[in-house]
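Peer 1: Encoded as structure tokens, here's the structure I'll be asking about.
None of the figures in this text is laboratory data; all of them are computed from the coordinates on show. Keep in mind it's a predicted model, so treat the numbers as computed, not measured. Using ideal geometry, Cβ is built from the backbone for each residue, glycine included, and neighbour counts are taken over all protein chains shown.
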Amino acid sequence: MIGAAVLVVIAVVVGVVLFAGGGDDSSDGGGGSTATPGADTNVTLEAGEVTADSAGPPVTVSQDIADGVIDTIGDYLQVATVAPLRSGEPAGDLAPVVDGAALAPVSGVDRPALVDEGLPKVSTDLDVVAQPVAITGLGDQEGNLVALTATINVDITAAAEGKAKPLHIVRTGYFVLSPDAAGAWKVSAYKMGVTRDGGTLDATTTTAAATPAAPK
Amino acid sequence: MTSLTSARTRRRTLVTVVLAPIACGLLVAGTLAAAWVAIGSPTPASGAVWFQVSKLAGAQYTGAPDQPFFALVIGTGARSDDPNEAHDDPGLADAIHVIGINPSLGSATILDIPRDTEGPTGAKLNSYIVGSDKNFGLRAEADAVSAVTGLPISYVIRANFPNFVQMVDEIGGIDVEIPYDMADENSGAFFTAGPNHLTGDQALALSRNRYTLPRGDLDRTVNQGLVLLSALKTLQAKQPGAGDTIRLVATAGRHVKLDGLGVRDLLALGQLALSVDANNVKNVLLPVANSGNGSNLAKTADAESLLADMADDGVLQSH
């Protein structure tokens, strides 16, 4: 066994409040939801098991790095899921969380698998619940932490509006994250599948994508 | 003594011909991670070098990770991982395969090149790797293969044989759909056509058998490609998860000599392998015929259109 296994559990529960058509964001940072007069948006995200393996000397994934990974995934969920569902508008800029090489497919052919846009605006309660994110670090032959994977298993539900069935989105896969030049951990590759049904969708849709990952 | 030497030489040769498919199956195919899931952590000899991966100077993919590229996979009989350190053990490249990979299509093609194919200087293609001056070595071998095929080689994967059988066994063997019955005393290849689960020794036997095959070494070369593709299918069937992939890339990283690329690139290769549909990978022999120069072979007219088909996007469509 290479590398010390570190179990880190970080509860990062962000309650974001968005009124239909825009609104005010807030975070309680302590879990649970934030009630608002219009609707609640509850994002539950936490780190699960954090481990590492190495081609050289042992490496570990520090708590700071694990926290950073969770922050990155949280930002991704906000930009890719929460904001477009709340606004009914296209998702915003993913460049802060996705690195240059992966940004092109994320912005192009793989976008339907990674971004919940093009769907009707959700004005009821919205729950974004991620299973604990398993993080596995990879060390190179010199013992430098050069990449890590983070599992993504997110269940998204929106309360029914009118006669429509509740919107239900399940996204499953993983991100590969690597440090950029500034040391920020960004998504450099991914394998992701998404299933959407309910809401105003006529039928269940399933989309999958994986980065073409030729080495640089 | 003679018998012992002969046996050793024969075994070395045998191992040689199977190395490329397996090395490629385990690296370019990359899905070692699956085996980890299936059988637990392999425990190869500490420090053993399974294979070498070299990135050639011309390989540039930054900003275009979806572009097709070509990797040369060679198997040699050298005992050392550095052919220049084994002049008495030349390590001819007796297994030669070019793998074209198209990431955006999720597809690949394995081009099996007979070892006796004539290179640009008139020598057999298997000989350009041998020697220590600038006209030999991995770069020269890649250049020679490129000259014959017209395919730009970006990566060279050279397998080191001593741990081959162990390596195959440690990943739990491979499932191969053997195309016809085989019964060959020389190689030990005794198989019934159909699905077979092969141990390391059996995979070696399949890959070395040529005496009982209609086209001899040509069919053997194709069977090496079959082993490669079967390794990919076997490992993909295990459906490794993200963490499994990391752990197996780390394992591979402890047993690979890297030249011009890093462990992070290995991870990318592994992910790429997982994204390739093994059922959409063609395994094709380079069409060749006698060249008129001794036992050398030369590509035929049919080869030109095949190579053009492969060159445009890394994979074959009309062949």
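Peer 1: List, largest first, the extents of the alpha carbons of the range A:135-216 along their principal axes, each in whole Å.
Peer 2: Largest first, the range A:135-216 extends 59, 23, 20 Å along its Cα principal axes.
Peer 1: What net charge do the residues around A:Val154 carry, taking every other residue with its C-beta under 13 Å from that of A:Val154, with Lys and Arg at +1 and Asp and Glu at -1? Could the numbers behind the result be given before it?
Peer 2: Numbers: positive: A:Arg171, A:Arg196; negative: A:Glu46, A:Asp116, A:Asp127, A:Asp155.
That works out to -2.
Peer 1: Please list, in chain and number order, the residues 5+ apart from B:Arg210 or on another chain whose amide H is under 5 Å from its amide H, with Hs placed from the backbone.
Peer 2: none
Peer 1: Something else about it: Within 10 Å of each Cβ in peptide A:137-144, how many partner chain Cβ atoms are there on average? Round it to a whole number, please. Kindly include the intermediate steps, with their values, before the conclusion.
Peer 2: Working: counts 3, 11, 4, 9, 8, 2, 0, 3.
Other-chain Cβ atoms within 10 Å of each residue's Cβ, averaged: 5.
Peer 1: Here's a follow-up. Whole-Hz ³J(HN,Hα) for each residue in the range A:124-132, computed from phi via Karplus 6.51 cos²θ - 1.76 cosθ + 1.60 with θ = phi - 60°, x for glycine and proline: what do you get?
Peer 2: Values, residue by residue: 9, 4, 10, 10, 10, 10, 9, 5, x Hz.
Peer 1: Please list, ordered by chain and number, the residues whose modelled amide H lies under 5 Å from the amide H of B:Asp94; skip anything fewer than 5 residues away on the same chain.
Peer 2: B:Gly75, B:Gly77
Peer 1: Percent relative contact order of the range B:187-279, based on C-alpha pairs within less than 8 angstrom and at least six residues apart? Please report the intermediate quantities before stating the final value.
Peer 2: Working: 44 pairs, mean separation 19.8, N = 93.
Relative contact order comes out at 21 percent.
Peer 1: Can you tell me how much longer the chain between A:Ser62 and A:Ser107 gets when fully stretched, taken as 0.36 nm per residue apart minus their C-alpha distance, in nm with one decimal?
Peer 2: Values: separation 45, 0.36 × 45 = 16.20 nm, distance 3.07 nm.
Here the segment from A:Ser62 to A:Ser107 would lengthen by 13.1 nm.
Peer 1: When Cβ neighbours within 10 Å are restricted to other protein chains, what is their mean count per residue of peptide B:247-254? The partial results should precede the final answer.
Peer 2: Details: counts 9, 1, 4, 14, 3, 1, 10, 6.
Taking the mean over all residues of the peptide, I get 6.
Peer 1: What list do you get for B:Arg220, B:Arg264, B:Arg215 if you sort them by fewest beta carbons within 10 Å? Don't skip to the answer; put the middle values down first.
Peer 2: On the way: B:Arg220 25, B:Arg264 21, B:Arg215 12.
Arranged by neighbour count, lowest to highest, B:Arg220, B:Arg264, B:Arg215 become B:Arg215, B:Arg264, B:Arg220.
Peer 1: Let me ask something else about it. Compute the distance in nm between two label points, each set 7 Å from the Cα along the Cα-to-Cβ direction, one at A:Val170 and one at B:Asp201.
Peer 2: 4.6 nm
Peer 1: Roughly what would the spin-label model give for B:Asp302 and B:Gln67, points 7 Å off Cα along C-beta, in nm?
Peer 2: 3.3 nm
Peer 1: Let me ask something else about it. Is there a simple number for the mean count of other chain Cβ atoms within 10 Å of the Cβ of residues in B:257-269, and what is it? Don't skip to the answer; put the middle values down first.
Peer 2: On the way: counts 1, 3, 0, 0, 2, 9, 11, 11, 6, 5, 13, 12, 3.
The mean count of partner-chain Cβ atoms within 10 Å per residue comes to 6.
Peer 1: Can you list the residues, at least 5 places off or on another chain, whose amide H is less than 5 Å from the amide H of B:Leu285, using H built in the peptide plane?
Peer 2: Residues meeting the amide H criterion: B:Asp112.
Peer 1: Moving on to the next point. Tell me the net charge near B:Leu286. Cut-off is 9 Å between Cβ atoms, B:Leu286 excluded, with +1 for each Lys or Arg and -1 for each Asp or Glu.
Peer 2: Numbers: positive: B:Lys299; negative: B:Asp112.
Once positives and negatives cancel, what remains is 0.
Peer 1: Using only Cα atoms, what Kirkwood radius does the range B:188-319 have, in angstroms?
Peer 2: Values: mean 1/r = 0.0566 Å⁻¹.
Across the range B:188-319, the inverse of the average 1/r is 17.7 Å.
Peer 1: Sort A:Asp197, B:Asp116 by Cβ crowding within 10 Å, fewest neighbours at the top. Write down the numbers at each step before the final one.
Peer 2: Working: A:Asp197 16, B:Asp116 20.
Going from sparsest to densest Cβ surroundings: A:Asp197, B:Asp116.
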